[in-house]
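Structure, as structure tokens:
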């Protein structure tokens with residue numbers, strides 16, 4: 001029998017360790033970079049943030065939780081493990097493994113994956129951290145070559161948190177162009193190493209929208225499935241175009257800036273996830289922005305409700321300044 005997987009992504013907004021975290025969890029270099037922002041971030045506040053995030057994750061997939069969850073803006077493995085422990089109480093049928101490693105980001109924030117270890121394995125040596133070159137350190141692209149338990153198939157998944165628009169969208173665009181080139185290169189590399197039939201999924205907070213140059217020109221993201229299937233070079237089908245255009249005639253977003261919706265969080269797949277005969281196949285019609293009751297503003301703009309912190313006011317009934325996204329993928333017998 002085929003098996004369905006629920007895949008999700010979420011920028012969890014500054015899930016940092018406590019202010020006085022020991023040196024084995026936060027380097028002195030990172031502490032100097034965030035010292036003023038981390039003031040007042042107590043263990044109690046950190047744990048409240050974890051509980052708020054877990055309450056949302058536990059509602060995904062009709063209350064069954066995701067099978068694979070990519071997250072970003074986490075400081076270290078310790079806070080990821082806190083989230084996993086909280087989910088264990090809310091989703092007792094799950095046993096989440098973690099793929100994570102500290103990167104060289106100047107503020108110490110990382111990308112990580114949670115995956116149900118009953119469904120997926122991460123073979124030794126199959127987790128990679130691809131450096132996005134720029135003058136100051138930024139997040140690396142994290143690639144995990146999952147092996148499915150159901151069919152024993154390799155599935156390359158790349159988690160992205162591209163350089164921010166800090167300093168101006170256009171002034172910082174070059175950094176995201178570099179990130180797009182990096183993603184495009186390692187998509188092609190996965191096909192070379194694991195074979196041309198390898199399914200590849202890229203997901204993340206790209207800090208650009210589906211129509212921006214970084215995704216269209218540099219990452220080779222296309223809007224139409226037909227263009228993906230007819231392409232000679234390895235391109236990626238960006239599944240978020242319908243959301244960006246507004247399925248009901250109104251633009252939607254995963255992040256709001258000046259009350260304007262921005263689709264910064266995205267799924268992109270290669271042709272090996274899009275063909276009808278693909279052993280692992282995405283259902284593009286299932287892609288959704290996840291707004292659960294109480295997680296969005298009830299005013300004129302359906303913005304996510306942030307938890308805050310890191311120099312911003314804290315609202316302990318908040319969650320994140322991004323909405324999560326989710327979709328369904330099916331593996332054949």
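The values are calculated or read from the model by the stated rules, or taken from the named source; none is laboratory data. In this text, all values refer to a predicted model and were calculated from it rather than measured experimentally. Here the Cβ is made from the backbone with ideal geometry for all residues, glycine too, and neighbour counts use every protein chain on show.
Scanning the range 311-333 for residues that are surrounded by 15 or more Cβ atoms within 10 Å (Cβ to Cβ), more than 19 Å from the chain's Cα centre (by Cα) and within 30 Å of residue 36 (Cβ to Cβ) gives 314, 318.
If only one of 69, 87, 82 is surrounded by 19 or more Cβ atoms within 10 Å (Cβ to Cβ), modelled with pLDDT of 95 or more and out of contact with any strand residue (DSSP E or B) (no Cβ under 7 Å at 6 or more places or on another chain), which one is it?
On the way: 69 fails: out of contact with any strand residue (DSSP E or B) (no Cβ under 7 Å at 6 or more places or on another chain); 87 fails: out of contact with any strand residue (DSSP E or B) (no Cβ under 7 Å at 6 or more places or on another chain).
After ruling out the rest, the residue left standing is 82.
Among the candidates 218, 187, 161, 177, the residue that is surrounded by 21 or more Cβ atoms within 10 Å (Cβ to Cβ) and over 29 Å from residue 277 (Cβ atoms) is uniquely 161.
Scan the range 33-47 and tell me whether some residue there is within 17 Å of the chain's Cα centre (by Cα) and buried (at least 16 other Cβ atoms within 10 Å of the Cβ). No - not one qualifying residue is present in the range 33-47.
Quick grid of which residues meet (1) in contact with a helix residue (DSSP H, G or I) (Cβ under 7 Å, 6 or more places away or on another chain); (2) surrounded by 17 or more Cβ atoms within 10 Å (Cβ to Cβ); (3) touching a residue at least 40 places away in the same chain (Cβ under 8 Å):
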site	(1), (2), (3)
229	yes, no, yes
234	yes, yes, yes
242	no, no, yes
271	yes, yes, yes
276	no, no, no
283	no, no, yes
293	no, no, no
298	no, no, no
305	no, yes, no
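Report whether or not residue 232 is farther than 26 Å from residue 69 by Cβ and at pLDDT below 95. Yes; evaluated as a whole, the condition is true for this residue. Looking across 148, 198, one residue alone is within 25 Å of residue 326 (Cβ to Cβ), touching a helix residue (DSSP H, G or I) at 6+ places or on another chain (Cβ under 6 Å) and touching a residue at least 40 places away in the same chain (Cβ under 8 Å). It is 198.
Taking the stated definitions as given, is residue 212 under 25 Å from residue 75 (Cβ atoms) and touching a helix residue (DSSP H, G or I) at 6+ places or on another chain (Cβ under 8 Å)? It is false that residue 212 is under 25 Å from residue 75 (Cβ atoms) and touching a helix residue (DSSP H, G or I) at 6+ places or on another chain (Cβ under 8 Å). Only one of the numbered conditions (1) within 18 Å of residue 129 (Cβ to Cβ); (2) buried (at least 16 other Cβ atoms within 10 Å of the Cβ) is not met by residue 101, and that is (2).
Determine, yes or no, whether residue 293 is in a loop (DSSP other than H, G, I, E, B), at pLDDT 95 or above and within 18 Å of the chain's Cα centre (by Cα). Don't jump to the end; show me each part of the working.
Numbers: in a loop (DSSP other than H, G, I, E, B): yes; at pLDDT 95 or above: yes; within 18 Å of the chain's Cα centre (by Cα): no.
For residue 293, the condition - in a loop (DSSP other than H, G, I, E, B), at pLDDT 95 or above and within 18 Å of the chain's Cα centre (by Cα) - is not met.
The C-beta contact set for the range 95-111 (first residue more than 9 Å from residue 75 (Cα to Cα), second residue in a loop (DSSP other than H, G, I, E, B) and modelled with pLDDT of 95 or more, distance under 8 angstrom, 6+ apart or interchain) comprises 95/117; 95/118; 96/117; 97/117; 97/122; 99/122.
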